[in-house]
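Since the structure comes first, as C-alpha cells, the remarks are kept for the end.
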Amino acid sequence: QVGCSPRPPLPLSEQATKSLPLNFRPNYYYVLTMAPILSSTLAFVLAAATDATAAQWPIVIPIQRESVPVMRGNKTVSHKTSYAGTISIGSPAQDFRVVFDTGSGHVVVPSSGCASETCMEHRRYNISKSSTSTAINVDGEKVPEGELCDQVTIGYGTGKVVGEFARDRVCLGGDSTCVEVSVVMAVEMTAQPFRSFKFDGVFGLALSGLAVSPEFSFFNRLAGADMGAALQFGVFLDGKEGEDASSEIALGGYSQEKLLSKLRWAPVAKKALGYWQVEIQAVRIGNQTLDICKDGSCRGVVDTGTSHMGVPGPYINDFLSQLSVDGVSETMDCRFADAPQIELVLDGVTLSLSPENYMRPLSLPPGVNVGSRKGITHDSAASSASDADHDVSSLLAVRKGADRTCAPRLMPVNLAAPLGPSLFILGEPILHRYYTVYDWKEGKIGFGLAASEQNRKALANGEAHGFQDAEEEEIFSFMQVTVTVTFRV
C-alpha cells in the first residue's frame, strides 16, 4: 500500500519536524534562536499559523448540491442528494470535494493506492507527492520502514471505507488557512454511496469522541493551534443547484447574514459520545404529544450528512400513518398537502416542521415504493448494493383506498444503547429550514430561521414555515456508526 511505504529518508532538519509531538506548540523565539537546525523545518508550522491568523474568520466555503436520479422502469422516481465543497491536502495542494459531515469524525479521502473502480472515479490523495506528509499509525507515530501500517474500517449509515493514516496539512478556502491534521487515506470504498456521487471524500466535523484519536479531529487541531478563529461553524443549506445556489459552511465562526431570526441554543447531550446531539423533551404531531419521549430518553443527532429525518425504528409506522395523506393527482405537489405539523421540543428551543419541510414533493402511485425497512443500524454499513435494493420495499405503501399517497421523508433508526434506542436524526428537512451553528468550545447547537428564499417568501405571506426543494430524495446518510482499528504487525 502506498500509505504504508515511507518516502526515502528525509534531511535531518525535516526528520526533526516529523518527530515533533502533535501537540507541540513552539515558542517561536526560543526555537528559532536556540535551535536554528529547526528553523527551516518549522516553516510549515509557522506559515500555517501566521497565514491562518491573518485570515479573516470565518472561512466561508461554498457547498454545491448534487442530485442523482433513481430510476425504476425507465422512469425517475426519486433523487439521492448530497452537499459538498472543496478543501486541499498536502504541499503542493491536492484538491478534493468533500461532504462536510457533522455525523462523523475523520477527514477521509481516496488513496492513490486504491485501484478499485470506485476510487478511480475520484481524485486520490498521493502521500508521496506531498512534502509535508508522514505515513503514521493510529498512535501518531511514523510507520517504521518495511512494516505494515495500521488500518481503520469506518462504517457510515450508508457504506463504509477501509483506510490507512497520514499526517499532513489540511487547507480551507485556498492555501492561506491550513491546519496539520491526521487524515484517513481510503484504500477500499463501497460503491454505495461513493460511486453514485462526484464528491471524493468526507470531512468529519463531529466532536472528538467519534475520532480514533483527537489528532484526527479537525476542530480539535484548530482549537489547539491558537489561530484566532472562533471554535464554531455554521451550516446553510438552501436546497438549490447551479448558479442560484448559495449553500455554504462557515468555519471559525458563522454567517450572521444567513439568519432571519436570532439563534436559540440547545446544549449537546452526552458529549463524550462525539455526536452533535440534543435532548428531545417531547414530539408533537398536530396538537397531540406522542408517548415516545415521555420517559426522557429521546435525543436527536443533528447530521448534515443525512438526507432524511430519522425516527426510532419501533415508531416509524406510527409516524408514517399520522403524516401520510391521500394524493389527489400525479401533478399534485405534496408539500402543500393538508397534513399536520411536527414539533420537536428541545432544551431551549422548539423546532417546527410543516408539510413544506418534511413531505416528499411527488406523490407515490401504486406499485412504486421508496424507503428502507432497515434504515440506520449498527450493521447498515455492511449492506451491499443488492441488500439496499431489497430493503427498498413496501415501507411507504400506498394508503388503503387511495390512488396515490403523499408520504414524508422519514427513515427508521435502529441503534442500541448508548446512542439508541430512542434516537432521531435531524437531517436535511430540518437543515433546510434552520441555519445551524455548532459551538465546539461551549458544547451547544444554535438554531435560527435560515435566510433562504423559501423562508423569506413564507414570512412575506405571513406563514411560519418555509419551503423545500422540488425533488424527492432517497435515503443517504454519512452518520458514523462503527469504527474498527486493525493493528498490523
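What to note about this one:
- You can think of it this way: the chain between residue 281 and residue 294 has 3.9 nm of extra reach, that is 0.36 nm per residue less the Cα-Cα gap.
- Residue 230-residue 116 pseudo-label distance in nm [points 7 Å out on the Cα-to-Cβ vector]: 4.0
- Evaluating 6.51 cos²θ - 1.76 cosθ + 1.60 at θ = phi - 60° for every residue in segment 325-330, the Karplus couplings come out as 9, 5, x, 6, 7, 5 Hz, glycine and proline recorded as x.
- In terms of packing, defined here as the mean over residues of other Cβ atoms within 10 angstrom, the peptides 305-317, 112-124 line up highest first as 305-317, 112-124.
- Computed extension gain for residue 329 through residue 261, at 0.36 nm per residue and net of the alpha carbon distance, reaches 20.8 nm.
- Burial order of peptide ranges 175-188, 346-359 (average beta-carbon count within 10 Å, highest first): 175-188, 346-359
- FRET efficiency, 1/(1 + (r/R0)^6) with R0 35 Å, evaluated for residue 417 and residue 188 via beta carbons: 0.75
- Label point at residue 246 placed 7 Å out along Cα→Cβ; residues across segment 140-180 whose backbone nitrogen lies under 13 Å: none
- A Förster radius of 56 Å combined with the Cβ-Cβ distance from residue 350 to residue 147 puts the calculated FRET efficiency at roughly 0.55.
Values in this text are rule-based calculations from the coordinates and carry no lab data. Small disclaimer: the values here were computed from a predicted structure and weren't measured. A quick note on method: Cβ atoms are made from the backbone with ideal geometry, for glycine too, and the neighbour counts reach across all protein chains shown.
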